[in-house]
Amino acid sequence: MIAIPHFISPIEILLQIIINKYLSESYCLVVISETPLSVKLPMSFTYLDPKKEHFSVETLLKLSEEGCSDYIIRMEDPRQFMNALEEIRPMSMVRRSDKKLVILPVTDDENSMEPILNLLTMKESSYYAHILLILPTQTERFECLAFNLITHRFVGSDSESKLPIILDRWYSCTNHFENNVYLFPNDLKNLNGKTMKISTFIYKPYVLLDVDTAVAPLGRDGIEIRMIDEFCRWINCTVQIIREDVDLWGEIYENETGIGVIGSVVEGRSDIGIAALYSWYEEWKAMDFSVSVVRSAVICLVPAPRVLESWELPFLPFGKSIWIAVVITFVYASIGLTIAQGCSSNKALLIVFGTIISQSQYIVSDSWRIRSVIGWLLVSSLILVSAYGAGLASTFTVPQYEPSIDTVQDLLNSRMEWGANHEAWTFSLALSSEPVAKKLIKQFKIYSFEELQRRSFLRKMAFSLEELPAGTFAIGEYLSKEAVQDMQLMLEFFYFDHCVAMLHKNSPYTEKLSELIGRLHQSGLLLAWESQVSLKYLDYKIQLEIRLSRARSDVGDLKPLNFNHVEGIFLIFITGTILSTLFFALEIFIGKQARKK
Ligand SMILES: *[C@@H]1O[C@H](CO)[C@@H](O)[C@H](O)[C@H]1NC(C)=O
Ligand SMILES: *[C@@H]1O[C@H](CO)[C@@H](O)[C@H](O)[C@H]1NC(C)=O
């Protein structure tokens with residue numbers, strides 16, 4: 001053991017009782033003591049002497065990573081330990097909601113009690129539910145030693161929760177406890193109205209604030225708000241909303257500070273952060289996550305394809321390559337005819353053009369050379385013209401649309417930007433090494449609310465939204481009903497992610513909250529809440545418009561031909577007429593000039 005005992009002091013006897021009763025289940029224990037302790041430890045443990053070299057933040061971190069997260073501390077100034085514990089918090093990856101801290105005085109001296117009691121008023125102490133102080137006290141019986149067993153209230157109002165309470169008293173002569181109570185009483189069953197600070201902002205349908213109190217008595221509602229309210233009803237806490245309307249989800253800086261919902265949880269300004277926070281890796285390194293609350297799917301609304309402009313119709317029956325082939329045929333046949341005519345260009349272009357558009361030709365020629373060139377040209381143009389005619393008939397009857405954006409690859413190919421008012425939409429993709437994800441991040445743009453509102457009518461970008469398990473869409477307020485009418489939902493999801501509640505690392509509430517969420521899933525309440533909230537608060541017209549965006553009635557209708565269909569042909573005719581008139585005028589003009597000379 002740590003030291004071979006010559007005699008065992010009363011405080012060691014008491015510590016032994018506490019270890020046997022409360023810490024025997026512990027996976028691994030860290031004992032930090034300036035003086036040797038004679039106790040038997042029935043579990044694995046590490047002994048650190050703060051007076052010697054080997055008590056450092058690095059050692060503490062290494063131990064914490066190995067799962068040694070219950071502590072027995074006997075230091076002159078235990079605040080050092082609390083600070084070290086706080087220092088390793090951002091770096092440590094192993095989390096536990098129920099760390100136990102047992103703190104002993106170094107001497108029996110009354111003066112050494114003060115720093116230990118002050119420990120309870122430290123901000124750091126409020127992150128731990130299980131702190132036990134063992135402090136010697138006066139007794140009437142002279143030969144007897146007595147020890148107070150003290151902890152902080154932890155529960156109750158802000159002013160109360162830091163106050164020490166004496167749980168029990170132990171006498172060395174009789175070796176018995178006065179009250180015989182459980183020494184780690186903060187099991188989070190009843191927080192007695194303790195404030196639970198929730199940082200969030202309005203994000204429908206997860207979080208709705210500023211609701212008319214006639215509609216929702218507390219002035220707030222939403223899937224995650226209901227979860228939090230249920231949590232506080234269960235463990236008797238008081239919800240205090242901390243609004244992050246400006247920085248929204250926010251971010252964490254290198255220096256362990258941050259802004260927005262995430263930042264306020266990291267800095268300890270709030271206990272729980274909610275608002276559709278996905279299980280992002282960078283955030284997981286800095287905070288505790290509850291289990292998944294809502295499975296969410298990210299997808300985009302893209303501009304719905306429109307019917308093609310009608311002037312393009314005459315060009316549609318043939319693809320690009322056939323048009324090129326037609327032009328080559330024209331040039332080639334003209335050259336052929338010119339050669340056949342004995343290198344005379346006598347109307348060669350006109351004759352070939354006329355033949356290609358199947359016009360009869362008046363040619364008086366006995367030459368078989370010319371006849372065979374024209375003959376073969378007639379055969380090929382017959383086929384081309386019938387193919388064109390058939391194609392034109394089909395483009396006239398079935399409406400033609402612009403290419404539609406259905407998959408992520410379509411979006412990448414079209415180089416259309418997608419965006420929202422915060423970077424958070426790309427956090428889940430940020431660490432991916434897939435080329436598609438990398439390109440998606442590049443095409444993502446952040447705009448202000450007003451700019452997004454303006455752009456929603458320009459058909460130039462895609463807007464990200466979430467689809468929830470019960471079929472609700474979480475969309476930005478910047479998309480109005482009018483704007484949505486001209487958009488359609490893509491067919492392929494970008495990615496799926498799990499919404500969680502984020503808590504301070506090692507928060508005592510994490511396990512409790514996860515337990516509640518498990519119960520909510522089990523009972524189906526989360527799905528029911530989602531439907532209730534969306535029916536009550538969301539604009540069902542927008543929801544329906546998005547849901548049915550691919551089944552709009554004007555898509556695929558067959559209509560009788562109207563002027564629009566032949567607009568393009570008239571356009572060609574008018575262009576031709578104008579050009580020929582111009583040339584005609586030019587010819588007359590040039591002729592006159594020539595005659596004058
Ligand atoms: C909840 O806390 C309040 C104090 O805010 C207390 O008056 C009440 O009795 C507690 N409820 C229960 C069920 O203990
Ligand atoms: C932390 O970093 C951010 C940005 O990098 C800076 O704005 C902030 O002032 C820093 N805070 C502290 C306490 O150093």
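Bear in mind these aren't lab numbers, they're just calculated from the coordinates by the rules spelled out. Computed from a prediction, not measured in an experiment: that's the story for all the values here. Backbone-built Cβ (ideal geometry, glycine too); neighbour counts: all protein chains shown.
The table below lists the values:
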read-out: Most positive-pole-ward Cα, LEU544, ILE475, VAL207, against dipole of the chain from beta carbon charges; value: LEU544
read-out: Long-range amide H partners of VAL239 with built H, under 5 Å; value: MET196
read-out: Debye log10 I(q)/I(0) at q = 0.19, 0.23, 0.29 Å⁻¹ for the range 557-597, Cα point scatterers; value: -0.66, -0.76, -0.90
read-out: ILE339/LEU548 FRET efficiency (R0 51 Å; Cβ-Cβ; nearest 0.05); value: 0.20
read-out: Cysteines not pairable in the chain (beta carbon separation under 4.7 Å absent); value: CYS300, CYS343, CYS499
read-out: Those chymotrypsin sites (Phe, Trp or Tyr not before Pro) in the range 53-155 that DSSP places in a loop and that have at most 13 other beta carbons within 10 Å; value: PHE142
read-out: Charged-residue dipole, Cβ positions (Lys, Arg, Asp, Glu), the chain about Cα centre, Debye nearest 20; value: 3460 debye
read-out: Protection proxy ranking, peptides 299-308, 562-571, 181-190, average beta carbon neighbours within 10 Å, highest first; value: 299-308, 181-190, 562-571
read-out: Sparse-neighbourhood loop sites, GluC sites (Glu not before Pro) in the range 70-137 - DSSP loop, at most 15 other Cβ within 10 angstrom; value: GLU76
read-out: The chain, relative contact order [Cα under 8 Å, separation at least 6], %; value: 14 percent
read-out: Orientation-averaged projected area, Cα convex hull of the range 321-392 (nm²); value: 4.6 nm²
read-out: Cut-off under 5 Å, modelled amide H: who pairs with CYS28 long-range; value: SER69, ASP70
read-out: Over 20 Å [Cα-Cα, the range 456-563], rounded percent; value: 58 percent
read-out: Helix axis angle, 525-537 relative to the chain longest principal axis, alpha carbon, degrees; value: 60 degrees
read-out: Among the listed pairs LYS99/LYS512; LYS21/LYS51; LYS162/LYS194; LYS439/LYS481; LYS204/LYS438; LYS285/LYS438, those beyond 18 Å (Cα-Cα); value: LYS21/LYS51; LYS439/LYS481; LYS204/LYS438; LYS285/LYS438
read-out: Cα centroid separation, the range 558-597 to the range 9-63 (Å); value: 100 Å
read-out: Under the Karplus curve 6.51 cos²θ - 1.76 cosθ + 1.60, θ = phi - 60°, whole-Hz ³J(HN,Hα) for the range 494-511, x wherever Gly or Pro sits; value: 6, 6, 10, 8, 9, 7, 10, 9, 9, 10, 3, 4, 6, 4, x, 8, 4, 5
read-out: Distant alpha-carbon pairs in the range 170-213 (separation over 15 angstrom), percent; value: 71 percent
read-out: The range 429-468 shape via C-alpha gyration tensor axes, a/c threshold 1.5; value: prolate
read-out: Residue-wise HN-Hα coupling along the range 159-168, computed from phi with Karplus coefficients 6.51, -1.76, 1.60 (Hz; x: Gly, Pro); value: 6, 6, 5, 8, 5, x, 10, 8, 7, 7
read-out: Alpha carbon convex hull of the chain, volume per residue in cubic angstrom; value: 267 Å³
read-out: Inter-label distance for ARG295 and SER321, nm, one decimal - labels placed 7 Å from Cα along Cα-to-Cβ; value: 4.4 nm
read-out: Expected 222 nm ellipticity per residue - DSSP helices of 4 or more, -39500 (n - 2.57), all of the chain, to 500; value: -11500 deg cm²/dmol
read-out: Descending semi-axes in whole angstrom, ellipsoid equivalent of the range 10-177, from the Cα gyration tensor; value: 25, 19, 15
read-out: Other-chain or far-sequence residues with amide H under 5 Å of GLN488's (modelled H); value: VAL302, ALA304
read-out: Cα-based helix-to-principal-axis angle, 368-397 vs the chain, degrees rounded to 10; value: 40 degrees
